[in-house]
């Protein structure tokens, strides 16, 4: 099973030139979208045809993971938008304001 997120992760790991703040944001988006497609969508499709059969703990765990993964995806899109805004509006100071070290901070 090969997909665009898989290729993004492999290219990012193998190529040192791609280790830029923007590409790190794109890598994060690729991973979160991959998790949405791998974990959330099959269960959502299965739930449309029937009822939940795995108990209340798994229901809560699924809802929690669903919230976290989709929030990570949306949050990454916001960060990409802010990154592009700074790059366009202040291009001369962009390399000093947005560094890979700052992007990797938790």
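Using a basic spin-label model with each label point 7 Å from the Cα along Cα→Cβ, how many nm lie between residue 10 and residue 79?
Distance between the two pseudo-spin positions: 2.5 nm.
Pull out the extension gain between residue 43 and residue 90, defined as 0.36 nm times the separation in residues minus the alpha carbon to alpha carbon distance; nm, one decimal.
My answer for the length gained is 12.6 nm.
If the convex hull of the alpha-carbon atoms of the range 13-105 is projected onto planes in all directions, what is the mean projected area in square nanometres?
Over all viewing directions, the range 13-105 projects a mean Cα-hull area of 7.9 nm².
Report the full-extension gain for the segment residue 57 to residue 71: residue separation times 0.36 nm, less the Cα-Cα distance, to one decimal in nm.
Answer, rounded to one decimal: 2.9 nm.
So how tilted is helix 4-14 from the main axis of the chain? Cα-based, degrees 0 to 90, rounded to 10.
Around 40 degrees separate the two axes.
Starting from the coordinates of the alpha-carbon atoms of the range 47-101, obtain the Kirkwood hydrodynamic radius over all distinct pairs and give the value in Å to one decimal.
By the Kirkwood definition, the hydrodynamic radius is 14.4 Å.
Coordinate-derived values only; no laboratory data. Since this is a predicted model, take the numbers as computed values, not measurements. FYI the Cβ positions are ideal-geometry reconstructions off the backbone, even for glycines, and counts take in every protein chain you see.
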